[in-house]
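Please read the structure below before turning to the comments.
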């Protein structure tokens, strides 16, 4: 394979990307000799080196951050509901022990904290 070294992207790990971004050359295993050849070339031709550009993600808006916070809290509240089923069933059929009651109390307390946290997320109107 003939390599196009007119532009050589270098990744943070020191590997190279050549041939218009189509060929990744790590400094490992079967690629070591090719990497060494590219490395030798770029030492004499530093003008061909380019840092690998990573996509820039748009920053979240305040509304997106708020929705993500709601989603996280709501997901945990749903999990608490599911975790509550077994201790509630034990209470309903009269077989609940102290462990079931303690589990249910802990889940209820966590849910109350999460609901208060969710309530505080609402911006003042």
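Rule-based calculations on the coordinates, nothing more; no lab input. Just so we're clear, the structure is a prediction, and the values are computed from it rather than from any experiment. Every residue, glycine among them, receives a Cβ derived from its backbone with ideal geometry; neighbour counts consider all protein chains shown.
General remarks:
- Once the Cα-Cα distance is subtracted from the 0.36 nm per residue extended length, the residue 106 to residue 76 segment shows a gain of 9.4 nm.
- The per residue volume of the convex hull around the alpha-carbon atoms of region 62-121 is 59 Å³.
- Helix 32-44 axis, angle to the chain major axis (alpha carbon atoms, nearest 10°): 60
- Only one of (1) 15.4; (2) 20.1; (3) 20.7 was calculated from the structure for Kirkwood radius over Cα pairs in Å, and its label is (2).
- The simple Förster model, with R0 at 25 Å and r as the Cβ-Cβ distance, assigns residue 24 and residue 68 a FRET efficiency of 0.15.
- Most mobile of 63, 83, 30 in a GNM of the chain (Cα contacts under 10 Å): 30
- Principal-axis tilt of helix 98-121 within the chain, Cα atoms, nearest 10 degrees: 60
- Region 8-51 shape via C-alpha gyration tensor axes, a/c threshold 1.5: oblate
- In degrees, nearest ten, helix 62-92 long axis to first principal axis of the chain (Cα): 50
- Per residue of the chain, the DSSP helices (runs of n ≥ 4 H) give a summed -39500 (n - 2.57) that works out to -19000 deg cm²/dmol at 222 nm.
- By definition, a body whose alpha carbon gyration tensor gives a ≥ b ≥ c is oblate when a/c is 1.5 or more and a/b is not larger than b/c, and region 32-95 fits this oblate description.
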